[in-house]
Amino acid sequence: MKAYIDQQRCDRAPSCVVKRACPTGAIVQEKGRLFAGGKVSVDEDACEGCAICTRYCPHGAIKMKQ
Ligand code: SF4
């Protein structure tokens, strides 16, 4: 299992709590502009499939896939 981001739900908040919740640092965010965060994605090599991140996203934007 690997996590992935539902880009339709993700609001790309610069303060995204999920980035800090992942124990392996697999949630990465591109650099954004002034007050807008960049695209959030999952580094699949770093993701261990623990699903902890799915509990933290307030928008339900993180899902798991096989
Ligand atoms: S499933 Fe676990 S390791 Fe993978 S991105 Fe989510 S919190 Fe990180």
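Step by step: first the residues of the range 26-35, then only those that are within 11 Å of the ligand (Cβ to nearest atom) and part of a strand (DSSP E or B), then the one that is farthest from residue 3 (Cα to Cα). Which residue is that?
28
Sort through 10, 16 and tell me the only one that's modelled with pLDDT of 95 or more and out of contact with any Asp or Glu (no Cβ under 7 Å at 6 or more places or on another chain). Talk me through it step by step, then tell me what you get.
Working: 16 fails: modelled with pLDDT of 95 or more.
Matching residue, one of 10, 16: 10.
Scanning the range 36-66 for residues that are in a loop (DSSP other than H, G, I, E, B), farther than 10 Å from residue 2 by Cα and out of contact with any Pro (no Cβ under 7 Å at 6 or more places or on another chain), which turns out nearest to the ligand (Cβ to nearest atom)?
Among those that are in a loop (DSSP other than H, G, I, E, B), farther than 10 Å from residue 2 by Cα and out of contact with any Pro (no Cβ under 7 Å at 6 or more places or on another chain), it is 56.
Tally the residues that are without any contact (Cβ under 8 Å) to a residue 24 or more places away in the chain, in a loop (DSSP other than H, G, I, E, B) and either under 10 Å from the mean Cα position of the chain (by Cα) or within 8 Å of the ligand (Cβ to nearest atom) (or both), restricting the search to the range 10-25.
So the answer is 1.
Could you please let me know if residue 29 is surrounded by 15 or more Cβ atoms within 10 Å (Cβ to Cβ) and not charged (D, E, K, R)?
Against the criterion (surrounded by 15 or more Cβ atoms within 10 Å (Cβ to Cβ) and not charged (D, E, K, R)), residue 29 qualifies.
Working only within the range 37-56, note down all residues that are under 15 Å from residue 15 (Cα atoms) and touching a residue at least 40 places away in the same chain (Cβ under 8 Å).
53
The values are calculated or read from the model by the stated rules, or taken from the named source; none is laboratory data. Keep in mind the model is a prediction, meaning the values are calculated, not measured. Glycine gets a Cβ as well: all are built from the backbone with ideal geometry, and neighbour counts include every protein chain shown.
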